[in-house]
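Dumping the structure here so I can ask a few things about it.
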């Protein structure tokens, strides 16, 4: 199985890296898709754990009303997911999760959205959007099931 771990830069990336381990990946292949503040968007071979390919996107793609940049991001994600023959995406937010979940839905790739561990009482707008499109929607606090709805699942703190 080919897995794409997708996360925004900062705390979200720190949390996804906790899942991005040999114990969890096992014999599967994996890539990391994240953000950078630099202007050069590139692919880095063997960047993460000296083993996994990393794809970099411009940070804060949804912060500015630039629909063309958003569409370019979506199409680049579709191309990467196709070329890497991804079977599953795992994402935890923030902004890059939205086009990632859409790309997965278009390509009929299974998707898991994992709400960030710091959300205990309030929802995030990214999670609210992804709730509608993700195949599996996980929360890390039991109280959050009520905030999101029936599709939200709680299996205990994952991170």
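Each value in this text was obtained by applying a stated rule to the coordinates, not by laboratory testing. As the structure is a computational prediction, the values presented were derived from the model and not from experiment. With ideal geometry, Cβ positions are generated from the backbone for all residues, glycine too; neighbour counts draw on all protein chains shown.
Find, to one decimal place in angstroms, the Kirkwood hydrodynamic radius of region 2-154, where the mean of 1/r is taken over every pair of different Cα atoms and then inverted. Provide the component values of the computation, followed by the final result.
Numbers: mean 1/r = 0.0643 Å⁻¹.
Evaluated over region 2-154, this radius sits at 15.5 Å.
Among DSSP bridges having both ends in region 2-154, what percentage is antiparallel? Round to the nearest 5.
On the way: 3 of 28 bridges.
Just about 10 percent of them are antiparallel.
Next question, about the same structure. Once the Cβ-Cβ distance between residue 125 and residue 154 is put in as r, and R0 is 30 Å, what FRET efficiency do you end up with, to the nearest 0.05? Mind dumping the intermediate values first?
Values: r = 21 Å, r/R0 = 0.69.
For R0 = 30 Å, the calculated efficiency reads 0.90.
When the Cα centres of region 3-26 and region 112-134 are compared, how far apart do they sit, in Å?
16 Å
Still on this structure, please answer the following. I need the peptides 121-127, 93-99 ranked by packing, meaning the mean over residues of other C-beta atoms within 10 angstrom, with the highest value on top.
On the way: 121-127: 14.9, 93-99: 23.4.
So the order, starting with the most tightly packed, is 93-99, 121-127.
With the chain treated as a Gaussian network of Cα nodes joined by springs under 10 Å, which of 129, 20, 137 yields the largest mean-square fluctuation?
Top of the fluctuation ranking is 129.
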